[in-house]
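Working notes, structure below.
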């Protein structure tokens with residue numbers, strides 16, 4: 001009878017390595033400790049610009065929604081919110097997504113799904129005050145993300 005213990009040890013070690021790498025890339029992403037206490041998400045310059053660009057679009061869309069709510073223009077609220085809803089998530093590059101820590105992704109995805117809810121509320125004709133409340137709750141995701149993470153330029157922490 002053959003001794004299969006070395007094979008099982010090898011399988012166990014390979015499994016541990018795969019699980020460790022999976023944990024690193026799925027949960028932690030490509031991160032380092034930032035010099036200001038936040039987690040630095042380490043990205044290539046083009047990836048960094050893509051994330052920052054998405055954040056700018058979310059901010060610009062929020063402004064459009066606030067203005068549309070002030071003018072009681074629910075069709076514009078619906079259209080603007082829908083443009084940054086969950087459909088926008090599918091456009092993100094898979095390699096970039098793998099570099100983002102899980103908690104960062106949860107905040108981001110949660111924000112996109114919240115914009116879907118805002119669009120639905122506008123389409124259903126909900127009162128502006130209810131939509132504003134949902135938008136204010138959604139903005140808490142932005143605050144949490146910016147409080148927890150930074151996107152430093154190569155060699156520049158604290159960004």
The number of residues in segment 98-138 that are surrounded by fewer than 16 Cβ atoms within 10 Å (Cβ to Cβ) and closer than 17 Å to residue 53 by Cα is 1
Test for residue 141: is it assigned to a helix (DSSP H, G or I), without any contact (Cβ under 8 Å) to a residue 60 or more places away in the chain and loosely packed, with under 13 Cβ neighbours inside 10 Å: no
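Table: residues versus (1) modelled with pLDDT of 95 or more; (2) outside any loop (DSSP other than H, G, I, E, B).
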residue: 3; (1), (2): no, no
residue: 8; (1), (2): no, yes
residue: 13; (1), (2): no, yes
residue: 19; (1), (2): no, yes
residue: 24; (1), (2): no, yes
residue: 63; (1), (2): yes, yes
residue: 75; (1), (2): yes, yes
Which of the residues spanning segment 98-116 are in contact (Cβ under 8 Å) with a residue 60 or more places away in the chain, more than 8 Å from the chain's Cα centre (by Cα) and part of a helix (DSSP H, G or I)? 98, 99, 102
Taking segment 36-51, which residues are in contact (Cβ under 8 Å) with a residue 12 or more places away in the chain and loosely packed, with under 13 Cβ neighbours inside 10 Å? 36, 45
Can you confirm whether segment 81-92 contains a residue that is outside any helix (DSSP H, G or I), surrounded by 14 or more Cβ atoms within 10 Å (Cβ to Cβ), within 12 Å of the chain's Cα centre (by Cα) and at pLDDT below 95? yes
If you check residue 62 against the conditions, is it in contact (Cβ under 8 Å) with a residue 12 or more places away in the chain, more than 15 Å from residue 152 (Cα to Cα) and buried (at least 19 other Cβ atoms within 10 Å of the Cβ)? yes
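The values are calculated or read from the model by the stated rules, or taken from the named source; none is laboratory data. Everything numeric in this text was worked out from a predicted model, so none of it was measured. Backbone-built Cβ (ideal geometry, glycine too); neighbour counts: all protein chains shown.
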